[in-house]
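The values are calculated or read from the model by the stated rules, or taken from the named source; none is laboratory data. Just so it is clear, the model here is predicted, and its values are computed rather than measured. Quick reminder, even Gly has a Cβ in these numbers, built from the backbone with ideal geometry, and neighbours come from all protein chains shown. Keep in mind that these areas ignore ligands, DNA and RNA; they rest on the heavy atoms of the full protein, side chains included. Shrake-Rupley method; radii C 1.70, N 1.55, O 1.52, S 1.80 Å.
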Amino acid sequence: MTNSVVLLVEDNERNLKLARDVLEYAGFTVLVAMTGEEAVARAQVASPDLILMDLQLPGIDGHAALSLLR
């Protein structure tokens, strides 16, 4: 088991469920965001170890969200 936290950013509910299930089965704690803005807010509060981000998101896209986080 790992104590690592992953922020999963995905707007497609099927993809989100699949990725979350796989990550949780592997022992990761998974935080979820469905928009770029939500991802930025969650990352600033939680400081995840890894962010897996869809690049085509509603609102600000994944590229813009990652730029804000850097």
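The table below gives the values:
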| item | result |
| --- | --- |
| Total formal charge among the other residues, if their Cβ is under 14 angstrom from that of Lys17, Lys/Arg +1 and Asp/Glu -1 | -4 |
| Acute angle (nearest 10 degrees) that the helix 36-46 long axis makes with the longest principal axis of the chain, alpha-carbon atoms | 50 degrees |
| The chain: angle of helix 13-25 to the longest principal axis, Cα-based, in degrees nearest 10 | 40 degrees |
| Charge context of Leu55, other residues only, Cβ under 13 angstrom, K/R +1, D/E -1 | -4 |
| The chain - percent of accessible surface contributed by carbon and sulfur, probe 1.4 Å | 53 percent |
| Computed magnitude of the charge dipole of the chain (debye, nearest 20; Cβ of K, R +1, Cβ of D, E -1) | 140 debye |
| Charge dipole (the chain, unit charges on Cβ, about Cα centre) - positive-most of Gly27, Leu55, Ser67 | Gly27 |
| Cβ-defined net charge surrounding Ala33, 11 Å radius [Lys, Arg +1; Asp, Glu -1] | -4 |
| Computed helical MRE - 222 nm, the chain, DSSP H runs ≥ 4 contributing -39500 (n - 2.57), nearest 500 | -13500 deg cm²/dmol |
| Amide H within-cut-off set for Ser4, under 5 Å, with H built and near neighbours excluded | Thr29 |
| Placed amide H near Val32: partners under 5 Å, 5+ positions off or other chain | Leu8 |
